[in-house]
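Working notes, beginning with the structure itself.
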Amino acid sequence: MRELIEYIASSLVDDPSQVEINQYGRGSYVTLKLRVAKEDMGRIIGKGGRVANAMRTLLRVSAAQEGKQANLDIVEPG
């Protein structure tokens, strides 16, 4: 699951070296926190949040195939 989101995010941004994903899990529930460079936030979120929602949908499908539940949080760069 983490690799899927990392691949998608790295493909979308201008600076793939700034893509950082932290994974937290409790039982069958997994949360991924995605952080990218400030300049790339618009590419990750997309117009009206469409790209972010598509990434979340793909993550949920991937997690369901493994018998888990997953959520993607996009974190504001600091």
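Residues that are in contact (Cβ under 8 Å) with a residue 40 or more places away in the chain and touching a helix residue (DSSP H, G or I) at 6+ places or on another chain (Cβ under 9 Å) number at least 3 in the following strands (runs of 3 or more DSSP E) confined to the chain: 29-35, 69-75. The criterion of being modelled with pLDDT of 95 or more and within 14 Å of the chain's Cα centre (by Cα) does not hold for A64.
For the range 62-78: of the residues being of a type in the set (A, V, I, L, M, F, W, C) and within 12 Å of I5 (Cβ to Cβ), which is surrounded by the most Cβ atoms within 10 Å (Cβ to Cβ)?
A70
Using the structure shown, decide if R2 is charged (D, E, K, R) and surrounded by 16 or more Cβ atoms within 10 Å (Cβ to Cβ). Against the criterion (charged (D, E, K, R) and surrounded by 16 or more Cβ atoms within 10 Å (Cβ to Cβ)), R2 does not qualify.
Applying the criterion of being of a type outside the set (K, R) and farther than 16 Å from V75 by Cα to the residues of the range 45-61, the residue that is surrounded by the most Cβ atoms within 10 Å (Cβ to Cβ) is L59.
Evaluated against (1) under 13 Å from the mean Cα position of the chain (by Cα); (2) farther than 15 Å from V75 by Cβ, S17 falls short on exactly one condition, (1).
The values are calculated or read from the model by the stated rules, or taken from the named source; none is laboratory data. The shown structure was predicted, so the numbers you read here are calculated from the model rather than taken from an experiment. FYI the Cβ positions are ideal-geometry reconstructions off the backbone, even for glycines, and counts take in every protein chain you see.
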